[in-house]
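Here's the structure, in structure tokens; my notes come after.
The values are calculated or read from the model by the stated rules, or taken from the named source; none is laboratory data. Predicted model only: the values in this text are computed from it and were never measured. All Cβ positions, glycine included, derive from the backbone under ideal geometry; neighbour counts span all protein chains shown. To get the accessible areas, we keep the full protein, side chains included, count just its heavy atoms, and leave off ligands, DNA and RNA. Shrake-Rupley method; radii C 1.70, N 1.55, O 1.52, S 1.80 Å.
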Amino acid sequence: MKFLVAAAAAVLLFTGCANTYLLDNQVQSFSQLPALPAQPTFRYERSLAQQADPTQPGLEALADAALFRAGLRRDDTAPQFSVQVSARTEQVLSPYADPYWGWPGGWSIGIGGHHGAIGFGGPWPRADSYWFRREVGVIIRELSSNRVVYETHALSDGPVLDNRVVLPAMFDAAMQGFPHPPPGPRRVAIQLGANS
């Protein structure tokens, strides 16, 4: 049964995610911001490793909309805050993978003897081929005091392949409640669109 669920999820991925998908995130945020200024402006800040990473500008572009919806406005000439964003993705074993069958990349079942056989098969992917664990982080620093005033992280795992779809939604989840998030870990679900 678990394999059938995973196979059905894989079929949805191959058909362009015709249905919507609810992306579940575990979020925890920390704030020392009593209030936002009238025009909260920011620039991106990068660690040394991020400065050497050619994918970092693309990651920041994926975070832009979530930061804008949270009320922040990018202004590289007169920023009040710096924002550092990070993300990590790893492929993991699907919770729906069947540990006993260990399905290969394709399958076939045959009936018959040496000279004649009846069989059927299909190009089903492995049940554990499409499952990803992701984490995003946002750190906001007040430039006038060089003090970290906000930090938030979101973790999620699921079968959606495209980081360009998942990571913006995870940044939205991470920024929920800004600048006064609820205390402690919380669940934030974000619905991905039909064309994801």
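Annotations
- Scan of segment 59-89 for residues that are basic (Lys, Arg) and part of a helix (DSSP H, G or I), ordered by number: 69
- Across segment 155-196, the number of residues qualifying as at positive phi and in contact with a helix residue (DSSP H, G or I) (Cβ under 7 Å, 6 or more places away or on another chain) comes to 0.
- Listed by first and then second residue, the pairs with beta-carbon distance under 8 Å, at least 6 apart or on different chains, first residue in segment 157-183 and over 18 Å from residue 64 (Cα atoms) and of a type outside the set (Asp, Glu), second in a helix (DSSP H, G or I) and at pLDDT 95 or above, are 158/166; 160/166.
- Counted residues, segment 60-85 - those being in contact (Cβ under 8 Å) with a residue 40 or more places away in the chain and open to solvent by 50 Å² or more (accessible area, probe 1.4 Å): 2
- Of all positions in segment 19-30, none carries a residue that is free of Cβ contacts under 8 Å to residues at least 12 places away in the same chain and closer than 25 Å to residue 156 by Cα.
- Taking the criterion of being touching a helix residue (DSSP H, G or I) at 6+ places or on another chain (Cβ under 7 Å) and either open to solvent by less than 50 Å² (accessible area, probe 1.4 Å) or without any contact (Cβ under 8 Å) to a residue 40 or more places away in the chain (or both), the residues of segment 86-100 that qualify are 87, 94, 97, 98.
- Test: residue in segment 12-25 that is open to solvent by less than 70 Å² (accessible area, probe 1.4 Å), touching a Pro at 6+ places or on another chain (Cβ under 9 Å), part of a strand (DSSP E or B) and modelled with pLDDT of 90 or more: no
- Within segment 41-59, the set of residues being open to solvent by less than 50 Å² (accessible area, probe 1.4 Å) and among the polar types (S, T, N, Q) comprises 41, 47, 50, 56.
- Any chance residue 163 is in contact with a strand residue (DSSP E or B) (Cβ under 9 Å, 6 or more places away or on another chain), farther than 29 Å from residue 80 by Cα, surrounded by fewer than 20 Cβ atoms within 10 Å (Cβ to Cβ) and modelled with pLDDT under 95: yes
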